[in-house]
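The structure under discussion appears below in the form of C-alpha cells.
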Amino acid sequence: MSGRMYLIHSFIFLLLFLCTASETVADSVDSENKLASYYAQYPGAGWIQIWSDEFNGNNLNDSVWTRQVESPGRYNQELQTYTNSTENAYLDGNGNLVIKAIHIGNGLDSGDFTSARLNTAGKKLFTYGKIAMRAKLPFGKGVWPAFWMLGANCSEYPNGTVPWPYCGEIDVMEMIGGGINDQIIHGTLHYMDHQGRNPAPTYAFTMSSSPSNDFHIYDVEWTPRSITWMVDGLPYGTKLMESDMVPFSKPFFIILNLAVGGIWPGNPDSSTKYPQYYIVDWVRVYTNSSS
C-alpha cells in the first residue's frame, strides 16, 4: 500500500471510529436522560402511594418486617443460614436497607454462609397495585437476590392454612448471578391451575450492564385483569388473569431475601466474592383507581 493510500485508509478509519464513539456517547447520554425523566415522573399518572418504607433512621422497623430464622436447605437446597442478626440485615444510615450475605466457613457448602430473609407477613398485606422497589443488586455465581410476594394464607407462615403454590406467589424481581446472568432480571408467577400443575409463567429482561453498578426500579402492576413486570419503566412481560388464578385476587405480603446457591442458580464457586450486598433504597406500594 502506498503512503498516500495508507493515510487515506487511516483517515477513513479514524472518521468511522469517531462517529461510532460519538453515537455510543450520544446513546448513553440519551439513555441516562430517559432514565432521569422516568425517575422524575415516577410512578406515573394516576398512581397514588399508599405505603412505603424508605429505610430512614438507624433500625429496621419491626412493626413492618420480620427477620426469618431458617436453617440451610430449608428452601430450594440453598446453602445459607437465614439469621435475625443485624450483621445480615441493617439500615446503613443513608436511607438504605442492606441485606448482607457473609461467607463464614472455609468451604462452599451448606452452612458456610449467613444472610437475611425479611417479610411483612401478618403486618403489611396488599391486593393489587404497583408493587415497587429501588435497589442495587449483588452479583456473582450462586448469588440470588429476590423481591417477591406470597399469598397471606400461605401455610409456611403463622395462621396460614393453604400450602404453596396453591396460595400463589408473585416474583417481582429475581436474579441468579454469574456471567451474563448478572444482567438478567426474572419475573415469575407460581400457582396451581385446573390441571393440578404449576405453570410458572416466567419472563426475563436483560440489562445493558450489571444492576450491581447502579440503583434501578423493579416493579409489577397487578390488577384484576393482569400482572405486568417492569424494570425502570420498561415492561417485559404480562400475564393475563385466567379463571384458575384465584389466589391473585387476595391479599399478599412482601419478602426481601438474598439466597446463596440452590437448585436454580447453582452453588457459588471460587470466583464469587464475599460479602455480597443487596442494597434497597425503598419499597413502595401504589394504587390506581383506573386499574
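The values are calculated or read from the model by the stated rules, or taken from the named source; none is laboratory data. None of these values were measured; they are calculated from a predicted model. Don't worry about glycine lacking a Cβ; one is built from the backbone with ideal geometry, like all the others, and counts go over all protein chains shown. Keep in mind that these areas ignore ligands, DNA and RNA; they rest on the heavy atoms of the full protein, side chains included. Shrake-Rupley method; radii C 1.70, N 1.55, O 1.52, S 1.80 Å.
Annotations for the structure displayed:
- Among the residues listed as T127, T120, T83, the single one being among the hydroxyl-bearing types (S, T, Y), open to solvent by less than 40 Å² (accessible area, probe 1.4 Å) and more than 19 Å from the chain's Cα centre (by Cα): T83
- Condition met for M241 (of a type in the set (A, V, I, L, M), out of contact with any Leu (no Cβ under 9 Å at 6 or more places or on another chain) and surrounded by 18 or more Cβ atoms within 10 Å (Cβ to Cβ)): no
- Output for the range 191-209, where each listed residue is open to solvent by 20 Å² or more (accessible area, probe 1.4 Å), under 16 Å from the mean Cα position of the chain (by Cα) and not small (G, A, S): T202, Y203, F205, T206
- Cβ separations smaller than 6 Å between residues 6+ apart or across chains give the following pairs from the range 217-238 residues that are under 13 Å from F205 (Cα atoms) to residues that are hydroxyl-bearing (S, T, Y) and surrounded by 20 or more Cβ atoms within 10 Å (Cβ to Cβ): V231/Y218.
Yes or no, residue by residue, for (1) under 19 Å from M175 (Cβ atoms); (2) among the basic types (K, R); (3) touching a helix residue (DSSP H, G or I) at 6+ places or on another chain (Cβ under 7 Å); (4) free of Cβ contacts under 8 Å to residues at least 12 places away in the same chain:
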| position | (1), (2), (3), (4) |
| --- | --- |
| N106 | no, no, no, yes |
| T114 | no, no, no, no |
| K123 | no, yes, no, no |
| M133 | yes, no, no, no |
| L137 | yes, no, no, no |
| A146 | yes, no, no, no |
| M149 | yes, no, no, no |
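- Elements of type strands (runs of 3 or more DSSP E) contained in the range 186-277, each with 2 or more residues being among the aromatic types (F, W, Y) and closer than 27 Å to E70 by Cβ: 216-222, 252-260
- Of all the residues in the range 94-118, those that are farther than 20 Å from S212 by Cα and among the small types (G, A, S) number 4.
- Residues satisfying the stated conditions in the range 55-64, i.e. in contact (Cβ under 8 Å) with a residue 60 or more places away in the chain and surrounded by 13 or more Cβ atoms within 10 Å (Cβ to Cβ): F55, V64
- Qualifying residue in the range 212-232 (condition: touching a Ser or Thr at 6+ places or on another chain (Cβ under 6 Å), more than 27 Å from I102 (Cα to Cα) and either at pLDDT below 95 or surrounded by 20 or more Cβ atoms within 10 Å (Cβ to Cβ) (or both)): yes
- When the criteria are applied in full, Q68 fails the requirement of being over 18 Å from the mean Cα position of the chain (by Cα) and open to solvent by 40 Å² or more (accessible area, probe 1.4 Å).
- Number of the condition not met by I99 [criteria: (1) over 16 Å from the mean Cα position of the chain (by Cα); (2) among the hydrophobic types (A, V, I, L, M, F, W, C); (3) open to solvent by less than 10 Å² (accessible area, probe 1.4 Å)]: (1)
- Residue in the range 163-173 that is free of Cβ contacts under 8 Å to residues at least 24 places away in the same chain and not charged (D, E, K, R) present: yes
- Residues of the range 145-166 satisfying the condition of being in a strand (DSSP E or B), among the aromatic types (F, W, Y) and open to solvent by 20 Å² or more (accessible area, probe 1.4 Å): W148
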